[in-house]
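Q: The structure follows.
Computed from the coordinates by the stated procedures, all read-outs in this text should not be read as laboratory data. This is a predicted model, so every value here is computed, not measured. We place every Cβ from the backbone using ideal geometry, glycine too, and count neighbours over all the protein chains shown.
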Amino acid sequence: MTIRTLAILVTALLIPLTTAAQPVQPPLPGQTALDTEAARQMAATGARGLAIAVIDDGKVVMVRSYGERNAKGEPLTPDTVMYGASLTKAVFAWTVMQLAEDGIVDLDAPISRYLSKPLPEYAGFGDAYAPFETLAGDERWRLLTPRMLLSHSGGFANFYWLNPDEKLVIHFDPGSRYAYSGDGLILLQFVLEKGLGLDLGKEMQRRVFEPFGMTRTSMMWRPDFATDLADGWDSEGKAEPHDERSRVRAAGSMDTTINDFARFAAGYIRGEGLSAKGRAELVRPILPITTASQFPTLQPELPAAQRRPDLAAGLGVVVFQGPQGPGFYKGGHNDTTGNTWVCIERGRRCVVILANDVRAEKAFPGLVRFVLGDTGAPWEWEYGQD
């Protein structure tokens, strides 16, 4: 047997092995199939309103809306303004990464660099941000960096008013573990606004909403939203009016539409508006996630052998390794809202689901699987074992 013949045989043997090692991605469903599955899931959960967007190869390929936007029975449309909830955090992180690439903020610099006086000396900001004066005597605030705050490792509870004494408290050494915290992002917003003199709402408008064509998205209420606006339903099926938010909150004040957020999700998976390095940094596994579920945020860490090695904190998103390779996701929730956004890097595929009925969250794992197949998204960790 000649060397050339041997090389051909070896190559032939290796090709199937290489192909088998590649993650398998199923074909995306068509519109009719998605409509049928969405109707089935809404009937099963009792959800009154739901909108879905599908992104493939970094392009929006399908946007669908179902059900009602309010108790009057008016239809939910792709341009209905819905509450973005904590999807805001991912958009905020994208904005901060742009600021970092422009040299305005250093992700790994202590926040003290940007403040004219020690953080606890900023008193009276409890209503607008958090009661920073209650950190007096705990010098660990000086260790905080933008990266820690964006990766939920600042040491805070989700919100200070959830603490028994309703004080802002650092519960563990900054950077040492993950614990979901809206207050961490609110603190970074404070640093940008009071330390650097930026207007976060205007920065997000200029850096994100306008470039991505998100014409019906804002960090505060706009009167023109009222013409096509989603109210919500809680877990008992009670309707609640849409909250007209009057203050920019990095942790979750964004109103958006499924059309608009689909444009952002597509731009995000493409990396539009950031360098390749900056985009990769957002979804780099920064810190292991060591708890059994996301909430309560300050629960004990699991023993090392019980932790999920495929789950980690990124910047504003959670990253995971699944059957189709690396992915990332972000959820959003309040009493009448359920949102999720799941992306797989391979094929630049995403599903976005916005629901103005919190009961729809029970349908999210099935809907995402129906569109993308088995992604490995951490549903049990996100929603708990129940």
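Q: Looking at the range 348-363, can you tell me whether even one residue there is surrounded by fewer than 19 Cβ atoms within 10 Å (Cβ to Cβ) and in a helix (DSSP H, G or I)? Break it down stepwise before answering.
A: Filtering the range 348-363 for residues surrounded by fewer than 19 Cβ atoms within 10 Å (Cβ to Cβ) gives 348, 362.
Within this subset, residues satisfying the condition of being in a helix (DSSP H, G or I) are 348, 362.
Yes, the range 348-363 contains a residue that is surrounded by fewer than 19 Cβ atoms within 10 Å (Cβ to Cβ) and in a helix (DSSP H, G or I).
Q: Conditions first: (1) under 17 Å from A90 (Cβ atoms); (2) without any contact (Cβ under 8 Å) to a residue 60 or more places away in the chain. N158 passes all but one, so which condition is the exception?
A: Going through (1) under 17 Å from A90 (Cβ atoms); (2) without any contact (Cβ under 8 Å) to a residue 60 or more places away in the chain one by one, N158 breaks only (2).
Q: Filter the range 99-137 for residues that are acidic (D, E) and surrounded by 14 or more Cβ atoms within 10 Å (Cβ to Cβ); which is farthest from L187 (Cα to Cα)?
A: At the first step, the residues of the range 99-137 found to be acidic (D, E) are 101-102, 106, 108, 121, 127, 133.
Of the ones still in play, those that are also surrounded by 14 or more Cβ atoms within 10 Å (Cβ to Cβ) are 101, 106, 133.
Values: E101: 20, D106: 15, E133: 13 Å.
Selected residue: E101.
Q: Follow-up question, since we're still on this one. Please enumerate the residues belonging to the range 160-193 that are among the charged types (D, E, K, R) and either touching a Phe, Trp or Tyr at 6+ places or on another chain (Cβ under 7 Å) or part of a loop (DSSP other than H, G, I, E, B) (or both). Quick ask: steps written out before the conclusion?
A: First pass over the range 160-193, keeping only residues among the charged types (D, E, K, R): 165-167, 173, 177, 183, 193.
Passing the criteria: D165, E166, K167, D173, R177, D183.
Q: Tally time: how many residues in the range 356-386 are among the basic types (K, R) and either under 22 Å from P296 (Cα atoms) or touching a Leu at 6+ places or on another chain (Cβ under 8 Å) (or both)?
A: Kept after step one, since they are among the basic types (K, R), are these residues of the range 356-386: 359, 362, 369.
Filter once more, so that each one left must be either under 22 Å from P296 (Cα atoms) or touching a Leu at 6+ places or on another chain (Cβ under 8 Å) (or both): 359, 362.
Count: 2.
Q: Also, I was wondering about something else. Of the residues A123, A109, A128, only one is touching a Ser or Thr at 6+ places or on another chain (Cβ under 7 Å) and in a loop (DSSP other than H, G, I, E, B); which? Before the answer, list the steps.
A: Values: A123 fails: touching a Ser or Thr at 6+ places or on another chain (Cβ under 7 Å); A128 fails: touching a Ser or Thr at 6+ places or on another chain (Cβ under 7 Å).
Being touching a Ser or Thr at 6+ places or on another chain (Cβ under 7 Å) and in a loop (DSSP other than H, G, I, E, B) holds for just one of A123, A109, A128, which is A109.
Q: For the range 59-79, does any single residue satisfy the condition of being in contact (Cβ under 8 Å) with a residue 40 or more places away in the chain, under 26 Å from E193 (Cα atoms) and aliphatic (A, V, I, L, M)?
A: No, the range 59-79 contains no residue that is in contact (Cβ under 8 Å) with a residue 40 or more places away in the chain, under 26 Å from E193 (Cα atoms) and aliphatic (A, V, I, L, M).
Q: Follow-up. Select, from G195, G232, the only residue that is farther than 21 Å from R69 by Cβ and not hydrophobic (A, V, I, L, M, F, W, C). Reasoning before the result, please.
A: Values: G232 fails: farther than 21 Å from R69 by Cβ.
Criteria check complete, one pass: G195.
Q: Further question: Is it the case, given these coordinates, that A85 is among the aliphatic types (A, V, I, L, M) and assigned to a loop (DSSP other than H, G, I, E, B)? Full working, then the answer.
A: Details: among the aliphatic types (A, V, I, L, M): yes; assigned to a loop (DSSP other than H, G, I, E, B): yes.
Yes, satisfied.
Q: Here's another thing I want to ask about it. If you check V54 against the conditions, is it within 17 Å of F212 (Cα to Cα) and without any contact (Cβ under 8 Å) to a residue 60 or more places away in the chain? Walk me through how you get there before you give the answer.
A: Values: within 17 Å of F212 (Cα to Cα): yes; without any contact (Cβ under 8 Å) to a residue 60 or more places away in the chain: no.
No: the conditions fail for V54.
Q: Could you tell me whether F212 is among the hydrophobic types (A, V, I, L, M, F, W, C), under 20 Å from F264 (Cβ atoms), part of a helix (DSSP H, G or I) and in contact with an Asp or Glu (Cβ under 9 Å, 6 or more places away or on another chain)?
A: Numbers: among the hydrophobic types (A, V, I, L, M, F, W, C): yes; under 20 Å from F264 (Cβ atoms): yes; part of a helix (DSSP H, G or I): no; in contact with an Asp or Glu (Cβ under 9 Å, 6 or more places away or on another chain): yes.
Against the criterion (among the hydrophobic types (A, V, I, L, M, F, W, C), under 20 Å from F264 (Cβ atoms), part of a helix (DSSP H, G or I) and in contact with an Asp or Glu (Cβ under 9 Å, 6 or more places away or on another chain)), F212 does not qualify.
Q: Check L200, L168, L149 and return the single one that is touching a helix residue (DSSP H, G or I) at 6+ places or on another chain (Cβ under 6 Å), within 16 Å of W94 (Cα to Cα) and free of Cβ contacts under 8 Å to residues at least 40 places away in the same chain. Let's see the steps before the verdict.
A: On the way: L200 fails: free of Cβ contacts under 8 Å to residues at least 40 places away in the same chain; L168 fails: within 16 Å of W94 (Cα to Cα).
None of the others qualify; the one that does is L149.
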